[in-house]
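A short worksheet on the structure shown next.
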Amino acid sequence: MRRLQGWLTRITAFRIGLFTGLAFAALHVLQLAGRTDVPVLTRMEGALTDLRFLQRAKLLGSEHSGQVVVAAVDEAAIARFGRFPWDRRVIAALIDKLDAAGAKAIGFDMSFSDEDLGGQFAGAKRYRKRFEDISLAAPRNRAAIEQFDEVESQIAGAASALQLLHHKVKADAEPIYQAAKGRLADGAQKLTASRGTFDALVKQHEAYGAELDQDLGGLDPDAVMGEAVARSAAKVVIGVVMLTEPEMRDLNPQDAGEVARRLTAMQIHQPEWRERADSPISTPLKVTWVKQYAGLQPPLAPILKGAKWIGYFNNLPDFDGVIRHTALTMRVGERYYPSLDASLAAVAFGLGPQDIIPIAQTPEEGSLLESIDFGGRVRAPVDGRGLMAINYLGKDRTFENYSVADIMDGRKDAELRGKIVLVGATAQGTFDQRITPLNKITSGVETHANVVENIVSGRFLRRGLAVDLAEVALALLGALGFAFLFARVKVRHVLAVLAVCVVSVWTASSLAFWAGYEVFAALPLAELGSMFVLVTVYRYATEEKDKRQLRKAFQLYLNPEVMEEMLEHPENLQLGGREDELTVLFSDIRGFTGISEKLEPAALVHLLNEYLSPMTEIVLRKRGTLDKYIGDAVMAFFGAPVQTAAHAANGCDAALEMIETLQRMRERWRIEEPSMPPIEIGIGINSGPMVVGNMGSSQRFNYTVMGDNVNLASRLEGLTKEYGTQILVTEQTLIAARKGLNDEGAYTVRELDAVRVMGKEEPVRLFELRRRVPATTEEMPLLDGYARGLALYRARQFGEARLQFDSLIKRFAGDGPSALMLARCDRLLSAPPAPGWDGVFRMEHK
């Protein structure tokens with residue numbers, strides 16, 4: 001537990017990113033559960049949804065089933081039939097024409113709740129309407145007449161009360177009593193007379209209204225339209241408007257009750273819960289989270305009389321005014337009504353209102369919805385409130401728009417057969433302006449066309465539990481993956497990584513969106529941005545500071561490339577070490593003690609600086625690590641802190657270049673600084689397992705190497721003076737160098753000897769490293785001759801070996817290894833070795 005607590009409390013870039021990602025994942029869960037809403041993310045999601053619609057329309061075009069068309073009240077139709085709204089007899093003729101052309105379903109994206117006062121008898125109808133408003137026979141005015149009964153009852157009660165008080169009246173008050181009684185009697189008579197007069201007026205008003213209705217009968221445009229609706233009732237959907245509580249105040253309660261009774265047959269099925277989609281057993285529900293209205297404004301009675309279908313066309317724009325969702329059903333109390341789009345789809349499927357069934361998520365009252373079932377033909381996915389995400393298939397006029405003028409002239413009969421026809425206004429100035437993801441201004445009928453197409457073709461934007469779980473899982477994986485990336489990638493590259501991640505998330509969400517899944521994009525992008533900012537700021541404030549300190553500490557010991565690689569893994573520089581295959585190099589100035597005694601201190605320092613500076617530069621350039629200066633000696637190793645398979649080759653190349661550089665320095669000193677002594681150096685190189693790391697205390701430590709192989713390299717450097725050569729390498733180094741270069745012919749070497757160092761029984765083969773390229777023709781006799789002499793030496797043929805080495809010295813004056821072997825042969829000739837001698841020389845000193 002303490003370990004876990006410690007892990008949680010230690011702050012690192014990875015943990016900051018991880019906890020940030022987990023916080024966003026938790027926020028996503030809360031959003032899905034409906035427990036919270038972040039306005040910024042909501043607005044961002046809406047904008048990104050619109051962008052995905054625009055991208056899809058641009059890249060994939062607009063495709064639909066062709067089942068839905070628009071009968072457009074456009075400029076041509078208005079020029080033909082006059083200013084809109086038209087005489088209802090024109091609408092009646094349009095219904096008959098569409099029915100005759102074979103339209104499968106006809107829906108009106110317009111209201112018919114007001115009387116048609118246009119046409120030939122406009123004046124008479126206006127007078128009839130005005131008479132209805134002021135007539136005593138009108139239902140709303142009868143209430144004033146009925147108040148007579150109440151007043152008569154009150155007067156009669158007052159007279160009775162006065163009569164009961166008569167015996168208590170004193171004699172001197174009798175005149176007053178009689179006067180009051182008389183006035184009550186007179187008032188009752190006058191009230192009765194007035195009541196008779198008003199009753200007569202009510203009868204006259206009723207007779208006059210009936211006379212007007214008779215004179216105007218058969219000419220009422222509303223009645224004409226009602227008859228056309230009745231003839232095509234099975235396929236016509238009349239648009240209605242849902243009303244809020246304030247809007248309902250304008251309706252008479254009696255009228256509202258009458259409307260509810262008339263619309264009973266047009267209600268859809270009560271919501272129900274099913275254990276399975278195909279389960280025959282269901283639990284009916286009365287109340288759900290479906291959006292509720294106070295009532296609705298139906299079409300006029302003559303139009304409603306013959307209708308079988310209604311559908312509201314209310315729009316539900318989002319916070320920014322864009323219509324991205326539509327309610328397929330709304331409720332008034334416990335009664336559920338379909339939208340215009342749902343009704344048209346049901347008509348196209350050959351269903352009735354009761355075949356439209358809202359499906360709840362749980363069997364409890366007040367449940368959320370999950371879908372709308374259209375008679376088992378299709379299930380439209382909705383959210384808990386019954387809202388369906390509109391899958392817009394294109395911009396304006398994606399669906400065929402046929403002018404009502406062309407339809408009435410019979411020019412579109414073939415195109416209308418079997419189609420779902422939406423009648424709506426599209427001419428400028430005749431429609432309510434709507435905003436969609438693809439259009440800043442469009443007519444409402446275009447939105448309805450998209451919804452109907454979504455339902456009949458099954459092209460929905462789906463969510464559901466599977467999508468929710470997938471998003472949560474990806475949010476958790478993203479928290480882990482993005483935290484790892486932002487914490488590990490170099491700070492200078494993190495912006496590019498962020499761009500790649502953003503493009504990847506956007507591409508994945510767009511592909512899922514195009515495949516029909518309503519996935520969130522805002523939250524993962526906000527998660528990416530937050531993780532990027534927090535992790536990057538933290539790394540700049542802490543880790544980059546540490547790197548600057550490391551860079552300052554190691555810039556004199558490592559080349560820049562190796563140092564940058566090391567900074568990517570600073571954990572390798574913790575106190576302690578690890579065993580690894582490395583190459584170590586020691587170099588030393590021969591006779592430095594004598595040189596230092598001859599030079600002044602200032603001159604000695606100048607000599608060391610002149611010598612050590614280029615030698616160090618060579619080590620760093622060959623990806624080596626400068627371990628330390630030991631007086632005039634240089635210790636370096638290769639293969640750490642950044643591992644490389646070419647560590648041995650890098651060490652050998654560094655040694656060869658150090659010899660070449662020293663030769664050029666001596667030539668320069670001979671000319672420019674004659675006082676400089678002509679120095680010589682010896683270099684020993686060995687490869688093998690050794691411990692590398694920070695050695696010391698937590699307050700002060702050095703990055704160095706330790707082990708027997710390190711000691712052996714140091715001894716080889718000392719042997720260069722005995723063998724009279726400049727560079728000695730072991731067999732392990734030679735094998736590793738050639739393997740690292742993948743070239744068995746790399747380097748010209750001469751095997752000099754095999755030795756046993758103090759404390760070790762395993763012999764070590766020594767090689768003189770001469771050059772990187774193959775041997776020259778001038779040195780081939782030396783190499784071949786020495787190899788023959790060494791073979792004779794190891795075969796105990798010391799006399800023949802002596803002759804071979806002697807001839808090499810005469811031909812190649814100053815060859816140190818040959819002189820050493822010549823002297824050794826002389827000693828062995830005078831004092832032959834024991835019978836078990838194996839040709840290996842034992843070193844008696846370190």
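The values are calculated or read from the model by the stated rules, or taken from the named source; none is laboratory data. What you see is a predicted model, and the numbers here were worked out from it, not measured in a lab. Glycine also receives a Cβ, built like all others from the backbone with ideal geometry; neighbour counts cover every protein chain displayed. These area figures cover heavy atoms from the full protein model, side chains too; ligands, DNA and RNA do not enter into them. Shrake-Rupley method; radii C 1.70, N 1.55, O 1.52, S 1.80 Å.
Net charge around His269, counting only other residues with Cβ within less than 10 Å of its Cβ (Lys, Arg = +1; Asp, Glu = -1)? In short, -3.
When Trp669, Trp289 are compared by accessible surface with a 1.4 Å probe, the order from highest to lowest is Trp289, Trp669.
Which one of Leu461, Leu495, Ala522 is farthest out on the positive end of the charge dipole of the stretch 453-523, using unit charges on Cβ (Lys, Arg +1; Asp, Glu -1) and the Cα centre as origin? Farthest towards the positive end: Leu495. Peptides 509-518, 448-457 ranked from most to least packed give 448-457, 509-518, packing being the mean of other C-beta atoms within 10 angstrom over each peptide's residues.
For Cys501, the solvent-accessible surface with a 1.4 Å probe is about 10 Å², rounded to the nearest 10.
Amide H to amide H distances under 5 Å link Asn391 with Leu461, where only residues 5 or more positions off or on other chains count and H is placed in the peptide plane. Tell me which of Met615, Val584, Gly594 sits at the most positive position along the dipole axis of the stretch 580-634, charges placed on C-beta atoms (Lys, Arg +1; Asp, Glu -1). Checked the options; the winner is Met615. Electrostatic bookkeeping for Asp74 treats Lys and Arg as +1 and Asp and Glu as -1; over the other residues with beta carbon under 15 Å from its beta carbon, the sum is -2. By a 1.4 Å probe calculation restricted to protein chains, Thr536 has an accessible surface near 20 Å², given to the nearest 10.
Within 10 Å, count the other beta carbons around each residue, average over each peptide in 391-397, 414-420, and list them highest first. Could you put the intermediate results ahead of the total?
On the way: 391-397: 19.0, 414-420: 17.4.
Result, highest mean Cβ count within 10 Å first: 391-397, 414-420.
Would you tally the net charge around Phe586, using a Cβ to Cβ cut-off of less than 12 Å, leaving Phe586 out, and scoring K and R as +1, D and E as -1? Can you show the working numbers first?
Values: positive: Lys628, Arg715; negative: Asp588, Asp627, Asp632, Glu717.
In short, -2.
Once backbone amide H atoms are built at 1.01 Å from N, Leu296 has Leu243 as its partners under 5 Å, excluding neighbours fewer than 5 places away on the same chain.
The stretch 629-708 and the stretch 353-399 have Cα centres lying 78 Å from one another.
For Arg578, Arg811, Arg842, give the ranking by accessible area with the largest first, probe 1.4 Å.
Working: Arg578 70, Arg811 160, Arg842 105 Å².
Per-residue accessible area, sorted high to low, gives Arg811, Arg842, Arg578.
Surface listing: Leu782, Leu604 arranged by accessible area from highest to lowest gives Leu604, Leu782, probe 1.4 Å. In terms of packing, defined here as the mean over residues of other Cβ atoms within 10 angstrom, the peptides 374-386, 273-285 line up highest first as 374-386, 273-285.
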